[in-house]
Structures are given as C-alpha cells and as structure tokens.
1. Among Q102, Q96, which is the only one that is free of Cβ contacts under 8 Å to residues at least 12 places away in the same chain, open to solvent by 50 Å² or more (accessible area, probe 1.4 Å) and over 30 Å from A12 (Cβ atoms)?
2. So which pairs qualify, if the first residue must be in the stretch 52-80 and within 16 Å of A131 (Cα to Cα), the second must be modelled with pLDDT of 95 or more and aromatic (F, W, Y), the Cβ gap must be under 6 Å, and the two must be at least 6 apart or on different chains?
3. Anything in the stretch 75-93 that is of a type outside the set (A, V, I, L, M, F, W, C) and either in contact with a helix residue (DSSP H, G or I) (Cβ under 6 Å, 6 or more places away or on another chain) or surrounded by 17 or more Cβ atoms within 10 Å (Cβ to Cβ) (or both)? List them, or say none.
4. Spot the failing condition for F15; the list is (1) open to solvent by less than 40 Å² (accessible area, probe 1.4 Å); (2) under 19 Å from the mean Cα position of the chain (by Cα); (3) hydrophobic (A, V, I, L, M, F, W, C), and only one is missed.
5. For the stretch 64-140, which fully contained helices (runs of 4 or more DSSP H) count at least 3 residues that are of a type in the set (V, I, T)?
6. Which one of these does G115 not meet: (1) crowded, with 17+ Cβ neighbours inside 10 Å; (2) more than 14 Å from S22 (Cα to Cα)?
7. Would you mind telling me which numbered condition in (1) assigned to a helix (DSSP H, G or I); (2) open to solvent by 50 Å² or more (accessible area, probe 1.4 Å) S22 fails?
8. I want to confirm something. Restricting to the stretch 27-54 and keeping residues that are buried (at least 18 other Cβ atoms within 10 Å of the Cβ) and aliphatic (A, V, I, L, M), which single residue is farthest from H94 (Cα to Cα)?
Amino acid sequence: MTLSTPTATHTATAFAGRALLSSLFIVSGLGKAAAPAATLGYIGSTGMPFPTLALAAALLIELGFAAALLVGYRTRLVATVMAGFTLATALAFHNQLGDQNQFIHFLKNLAIAGGLLQVAAFGAGALSLDAYRSRRTAHA
C-alpha cells in the first residue's frame, strides 16, 4: 500500500472526524438561528461591536462552512477558516480563565481548532467532494 491509496479504515476515520467536528458547529448554529435575540444579547453583553454582523458571521461559519466540512468541499480552506473562528471565539467569549468552566471551554476550543488544523493539513480524505472532484479532473 502506498500513502496515496487510503485504506477503508483511513477513509471512514477521516469522514467520521469531519462529521464529528462539523456536528458541533451545526448544532450550535441551529441554536443561534432558533434564538437570534438571545444570541444577540449574549454577543452584546461581551462588549463585542456590531453584534448583528458577528451573529451573521457565526451563522455562516457554523452552518455553511460546517456543512462544507461535512461533505468535504474545499476542506483545507474551510477547516482553516473554522480553526481561526474557533480561536477567535475562545478569546472573545471564554477569556475568564480564572473561572474553571470558562477555562475548560477555552481549552475545548483550542482542541477543536487543533482538530480542524489537522483536517487543514491532511485534507478531507477519500470520502469527500474534494476527492471526487480530484478524481474527476484526473480522468478528464
């Protein structure tokens, strides 16, 4: 086996990793979409400027980019943007590191960003739109 020929386990694991990462963002985005007033209130309570713009960006990333991550579309770029978003939310919303709960949320965000950077580094895997597009281009 060469590195360019993924095993079934590698293929399934890469997909599972993308699905698990994206699920967190999709559920969070759906929650924000279902309760925009509460979300705007929370964003505003942190002192962040332009809460409406921040909510729109969060919805784009948590729903749109997470869906792209799930199906493996432009995965390296999507994962990189999502990692940046996750680091930014850690700094903006979980920065009370003396509070153990906030500290755990901060570390969780760092871990999620780390997983996304792994996806950015290694790609979506064989079970993805990126791989499909690559195979299709190679045969054209």
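The values are calculated or read from the model by the stated rules, or taken from the named source; none is laboratory data. Treat the numbers as computed from the prediction; the structure is a model and nothing was measured. Neighbour counts are summed over all protein chains in view; Cβ atoms, including those assigned to glycine, are modelled from backbone coordinates with ideal geometry. Note: accessible area is taken over every heavy atom of the protein model, side chains too, but ligands, DNA and RNA are not part of it. Shrake-Rupley method; radii C 1.70, N 1.55, O 1.52, S 1.80 Å.
1. When all the criteria are applied, what remains is Q96.
2. Correct list of pairs: V78/F65.
3. T75, R76, T80, T86, T89
4. Result: F15 passes all but (1).
5. In the stretch 64-140, 75-93, 100-122 are the helices (runs of 4 or more DSSP H) which contain 3 or more residues that are of a type in the set (V, I, T).
6. (2)
7. (2)
8. Step by step, filter the stretch 27-54, then rank; the result is A54.
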